1. Out of the residues in the stretch 125-173 meeting the condition of being among the small types (Gly, Ala, Ser) and open to solvent by 60 Å² or more (accessible area, probe 1.4 Å), tell me which one is nearest to residue 92 (Cα to Cα).
2. I'm trying to understand the selection: among the residues of the stretch 496-533, which are in a loop (DSSP other than H, G, I, E, B), touching a residue at least 24 places away in the same chain (Cβ under 8 Å) and in contact with a Lys or Arg (Cβ under 8 Å, 6 or more places away or on another chain)?
3. For the stretch 385-418, enumerate the residues that are among the hydrophobic types (A, V, I, L, M, F, W, C) and either over 16 Å from the mean Cα position of the chain (by Cα) or surrounded by fewer than 16 Cβ atoms within 10 Å (Cβ to Cβ) (or both).
4. Those residues that are within 20 Å of residue 485 (Cα to Cα) and charged (D, E, K, R), I need them from the stretch 500-531; list them, please.
5. If you take the residues in the stretch 78-98 that are part of a strand (DSSP E or B) and hydrophobic (A, V, I, L, M, F, W, C), which one is nearest to residue 60 (Cα to Cα)?
6. Taking only the stretch 505-543 into account, find how many residues are open to solvent by less than 30 Å² (accessible area, probe 1.4 Å) and closer than 30 Å to residue 397 by Cβ.
7. Taking residue 632, is it in contact with a helix residue (DSSP H, G or I) (Cβ under 8 Å, 6 or more places away or on another chain), modelled with pLDDT under 95 and either hydrophobic (A, V, I, L, M, F, W, C) or surrounded by 17 or more Cβ atoms within 10 Å (Cβ to Cβ) (or both)?
8. Taking into account only those residues within the stretch 114-124 that are open to solvent by 10 Å² or more (accessible area, probe 1.4 Å) and among the charged types (D, E, K, R), which is nearest to residue 63 (Cα to Cα)?
Amino acid sequence: MALFVKNELEATRASTADPMTKQVLDVGSTNIWASAPLGATVSRGGVGFSLFSRKASRVELLLFDREDDARPARVISIDPATNRTYHYWHIFVPDLQPGQIYGYRIDGPVDPANGLRFDPAKVLLDPYGRSVVVPTNYNRERACDAGDNTATAMKSVVVDPSTYDWEGDTPLYRPSSQTIVYEMHVRGFTRHPSSGVPPEIRGTYRGLIEKIPYLQHLGVTAVELLPVFQFDTQNCPSGLVNYWGYQPISFFAPHRAYSSRQDANGPVDDFRDMVKALHRAGIEVILDVVFNHTAEGNQNGPTLCFRGIDNSAYYILSQDQSSYLDFSGCGNTLNTNHPAVRRLILDSLRYWVQEMHVDGFRFDLASVLSRDSNGHMMANPPILWDIESDPTLAGTKVIAEAWDAAGLYQVGDFVGDSWKEWNGRFRDDVRSFFRGDKDMVYRFADRVLGSREIYGHETREAEQSVNFVTCHDGFTLNDVVSYNHKHNEANGEDNRDGGDDNRSWNHGVEGPTDDPAIEALRNRQVKNLLAVTLLSFGMPMILMGDEVRRTQQGNNNAYCHDNENVWFDWALVEKHRDVHRFVHLLIARRLLRDIGPERQRMTLNQLISGALKDWNGVRLHQPDWSCDSHTIAFCADIANPHRLVYFIFNGYWEALDFELPPLDDGDKNPWCRWVDTYLDSPEDIVEWQDSIPVVSRSYRVGPRSVVVLWARSG
């Protein structure tokens, strides 16, 4: 608890036409509060407030009774003579309680040409606010236009994080080698009427708790939640809604719409209940965090928080300071290596670990954090090393989306010694191999073995590579095998948005089909892609619903839809129970791998050297690396239990006979078939101990199929 020095402060001001002085200021006794900690801190007898702003000339703290009040109940002016230290405006207000709704009004120079965009008519959120309330008549446009927006502005809420009972819960710190990530959307997971979740909690943190048994049965060990920081749902084309959440406006506050409790502190405790329940089920919580931009957009965007507090500190500005450099594709770029913003990011991460017990973070467009205040790439970005070396974050999973929207691509070259990376090349090359593209065998083989071509120069673990073939951004797995082209017309941008390089194939018909041959091939390809994702060296990640072939009807950029087209349709669990079973059994076997201390210390190169025995084609010791090849096989020696495993990948459109490596005791301990995606369920995968003996010296692999055999060794 911060110290404060008591000092009587009386402030009176006559009401004028100036928006900063519409109300007669509260007259009474207040106390000076130290400049740290930032934000609103509950203390004995009241609440202390502290705010960073270098160029402000006047700061007022606004206290509200309700979120949609058109006028604050109290306005407290922060006297710069007694309540400003350096760039910090701070004050203690006696008798305030947790749950108090508040905001700021800040005056200062209005000089966009020099990066100064103060607007004393706007109610501003506290950058360190722990909770946010949103009026039912919230209006983003009112924050863009001139004039007062008090009634329609989001507002911060005082929270006391110390009152929650964690019942002994702590982050799980599961080894990366035993981590299987499930990327999911909190609302979309249970919002569909078919979820079976009570209507009042569908699409909420509590709703997710109801479905934890499903996640346990599937076998995933971590959920990676699309953004749960408070975001602006109106930051999207007219008539639509921002669903994904990549428009943050408060880096400490859980998104209120995901809470079944709408009291002032409800979202904070609802989120904690979800984390605690997931931890009890052995499932880690990873947050997708957006520190590359905010919902305030470009120079024509709304003034909600940072722009009206210290615009040139929080954002990377153009050379003439009048506009924003945009490396995020969202109108602005956070100035992440400015000292004040570095502190904000670190304080946010520490808060989510210490007070909310999350286990890790995936950093959206993480390469933005490599840029300096002029937008240039830095060799050793301070903020990334701050995160890497912070003792509070030690053991916390940190995952980078190692590129940005302006072309900076750092997969394999992201800084640090502990950062994991979304491996976009894994996605592209695995899709291309099974689509039948030429000259893909070498790259595909490298991806399966942990992308040594990309990561082998670093003495790092195999799990540096986060392997995925789908994520929220792009086609679902069903749509990868069902569409040649994106179908984003409903997004209102004439199908211009979303990526064009999807490496997808519709297998003969665009979209849904009743053709049984096409449907069977699509189903097989879904299993092929899932098998490679879950069996390759690295940390696997699957997208919510891919295990039951969830579709978005060919929309590969569904960020602006909140309806049944994007929600998890639980009827698919039964419809595609064969795919669900396939994923469940793959995960169950992967989790039985050796994860002892020796394995965890092994680098990717050591792991490959110890496991890989040889490369093969249809004939032993004759791999075909040519441009026209579509097949590869290899034998691996795995420990604990000691087994030989033979992987065969046939991307060719005809069945092929593959010679099998001879075994020393083949008569008694033959090769056994575990996986064959060409076979119908339940023969496509069996329980490991029920694997089927193979008596032949070769194995016929069906067209476009994956086969996994194993045999006892040593």
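1. 162
2. Within the stretch 496-533, 498, 499, 502, 503, 504, 505, 507 meet the criteria.
3. Of everything in the stretch 385-418, those that are among the hydrophobic types (A, V, I, L, M, F, W, C) and either over 16 Å from the mean Cα position of the chain (by Cα) or surrounded by fewer than 16 Cβ atoms within 10 Å (Cβ to Cβ) (or both) turn out to be 385, 387, 393, 394, 405, 406, 408, 411, 414, 415.
4. Within the stretch 500-531, 500, 501, 503, 510, 514, 515, 519, 522 meet the criteria.
5. By that ranking, first place goes to 78.
6. 16
7. No.
8. Of everything passing the filter in the stretch 114-124, 119 is nearest to residue 63 (Cα to Cα).
The values are calculated or read from the model by the stated rules, or taken from the named source; none is laboratory data. Keep in mind the model is a prediction, meaning the values are calculated, not measured. Cβ coordinates were reconstructed from backbone atoms using ideal geometry, including for glycine residues, and neighbour counts include every protein chain displayed. What goes into the accessible areas is simple: the full protein's heavy atoms, side chains included, and nothing from ligands, DNA or RNA. Shrake-Rupley method; radii C 1.70, N 1.55, O 1.52, S 1.80 Å.
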